[in-house]
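FYI, it's all coordinate maths here, none of it is from the lab. Just so it is clear, the model here is predicted, and its values are computed rather than measured. Glycine also receives a Cβ, built like all others from the backbone with ideal geometry; neighbour counts cover every protein chain displayed.
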Amino acid sequence: MFASVVPIGHPVTIHFDGRPIPAREGETVAACLMRAGVPAFRRTPVSGGPRLPYCMIGHCFDCLVEIEGQGSQQACLVGVAEGMRIRLQNGAAGVGGGA
Amino acid sequence: MPPFPDAPKPDADVIVIGAGPAGMAASVDLARAGRRVIVLDMQPGPGGQIYRGLEANLAEGAAAGALMTALGPAYAAGADLIRAFRGTESIDFRPGHTVWEVRRDGTVGWLQGTKAGYLRAAHVVLANGAMERPVPFPGWTLPGVMTAGAVQTLLKAGQMKPLGRVAIAGTGPLVFLLADQFRRLGVRPVMLARTDRLRDQIGALPRLRLPAVPSLAKGAGWLARLRLAGIPMARGVTGIEAVGATKVEALRLWRGRQLTEVACDLLVVHDGVVPSIDLAQGAGARIEWNQGLQAWQAATEEDGVMVPAPGASLVDGPCRILMSGDARQIGGAEAAMAHGRHVAAVLLAQGQSASRTRLRKSLLPRRFLEAAFPPGLSASLPTGNTTVCRCEEIDAAGLDGLIRAGAQDIDQIRGLSRCGMGPCQGRHCAVTLARMIAAQTGRAPVPFRARPPVRPLPLAALAALAGRDPRLTEIVSLDDKPVVGVDV
Ligand code: FES
């Protein structure tokens, strides 16, 4: 759905459900996942419907993902880090991390 | 009884929340006058949403040249302020910090990653900006439906442009600006569906003042270029729908009874911006409904001091919170800068009348824009199975049923339906539900009751809060047994 206007110079690599994804240093997890074209960040707890970011500025919580085992993280607010492991948030996050 | 513990020492003279144009302008002036300033912002760098990513894009120089050109001079205009902000070394800037509580005694609760705590200052400036007006329409939760602000963020901070068929629906100058930015990047929107009508703009003409003319000319320029490029445009759109199974596949738009369907891969929506009231409301502000704006605003005194709602409060004493920028009154970037400088002048008790005059002048164009581009996508209330609460997936019919059955208190409906109880804490459903209730009762819309934390706070962070007030951690219960570790 999106393509880079400026080439990514020295990318860092993050992993979404095991798939390596190049990211620009300093950008948010949501930005690089959108560029990579992942079809959903989370599935809703009620209907299981797929969601992608809607606002990108921390208001809608539709970008929730699991980051390093910690569920319900706002991907549009968290910056990428080399080797970061992200998973689709399936339903509600459990207590003490994990989805 | 042990001797009463001391109050914690203040961490700064002023805590500024938000590093957008208002927050940056205020903190630069305050710090240059010798005040100790802490600035908290959710984002990784300064600039706010309007100048999001500007610092990084400028640092990339020629590599980001095409992007900077597409984003245009209004975006580049933030460079001076960001430079001044970064150049004022005494400003203690803390990016990546979410604020989940503000108290009127000057206490601020922050969260960074899994760490959280309190900070205190003699004054707090709320410059937490605006949010896009929620627009519940059928299909608005489908992947591929995004706000104009979201797409701008991807453009500015993600340096990316949309691929495939892009449809834009809504109203206001940002819609034209975004379409023009796309055009410069070689993306031709398949449809620009506008809810505003020529009669809105004609009706707004009496509100036109000289200072508004440059922004009007800018808008006319965007529009002329879009027409010249032959971008399909529809006016007077009365309703839209996003259709698709697991993602948006088409935009349906109505003009009265006339239906048009346009296939698309991305649907960008925008219905204007409204003040972010979450922090002010959590701090106990009196929240007022602004009929013209169709949105809530925190009540303020003439110079921006927040007016608390009547009734009991956790803390007493004078209100030490001042509001600035779009969070106080929607005006756009230039007005927000003037607003930030004004709030600094008020706190420094110096040059306030000049800064107030500049602020008033900078807000003038807004009076025209508000009338020329009234809310459209949200003008009529949702019905049937259109989602109102995105988090809990509650539709209009269910809420309507409760309201008709006599539940006319918004907090009661929240309890009965879970509407507003998801992670966004009502940010996207409150105004719709409140307007649905108001349509029945004839009274002004009332928001949910809001209590801190106004953003989700991990339990682990809560358990290890830094900077607690020792006076509040020891509470003598009814049977005189001290309970330790309760911070109210
Ligand atoms: S996309 Fe809305 S909160 Fe992240």
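A few points about this structure:
- Prolate/oblate/rounded label for segment B:145-270 (Cα gyration tensor, a/c 1.5): oblate
- Across the cross-link table entries B:115/B:161; B:9/B:156; B:218/B:361, which are compared at the Cα atoms, the separations over 28 Å belong to B:115/B:161; B:9/B:156.
- Working from Cα pairs under 8 Å separated by at least six residues, relative contact order for chain A is 30 percent.
- Estimated from the Cβ-Cβ distance and a Förster radius of 51 angstrom, the FRET efficiency linking residue B:32 and residue B:259 is about 0.30.
- Cβ-placed point charges (K, R +1; D, E -1), dipole of segment A:26-96 about Cα centre in debye, nearest 20: 220 debye
- For the pair residue B:227 and residue B:353 in one chain, pulling the backbone fully straight at 0.36 nm per residue adds 41.0 nm over the alpha carbon distance.
- Relative to the 2.2 N^0.38 Å rule of thumb, the protein assembly as shown has a C-alpha radius of gyration ratio of 0.94.
- The residue among B:369, B:128, B:226 whose Cα reaches farthest toward the positive pole of the charge dipole of the protein assembly as shown, with charges on the beta-carbon of Lys, Arg, Asp and Glu, is B:226.
- R0 of 45 Å, Cβ-Cβ distance residue B:77-residue B:412: FRET efficiency to nearest 0.05: 0.45
- Helix B:430-441 axis, angle to chain B major axis (alpha carbon atoms, nearest 10°): 80 degrees
- Principal-axis tilt of helix B:148-158 within chain B, Cα atoms, nearest 10 degrees: 80 degrees
- Compared with the direct C-alpha span, the chain from residue B:472 to residue B:209 gains 89.4 nm at full extension, assuming 0.36 nm per residue.
- Using alpha-carbon coordinates, inclination of helix B:21-32 to the longest axis of chain B, degrees: 40 degrees
- For segment B:435-465 and segment B:229-303, distance of Cα centres in Å: 21 Å
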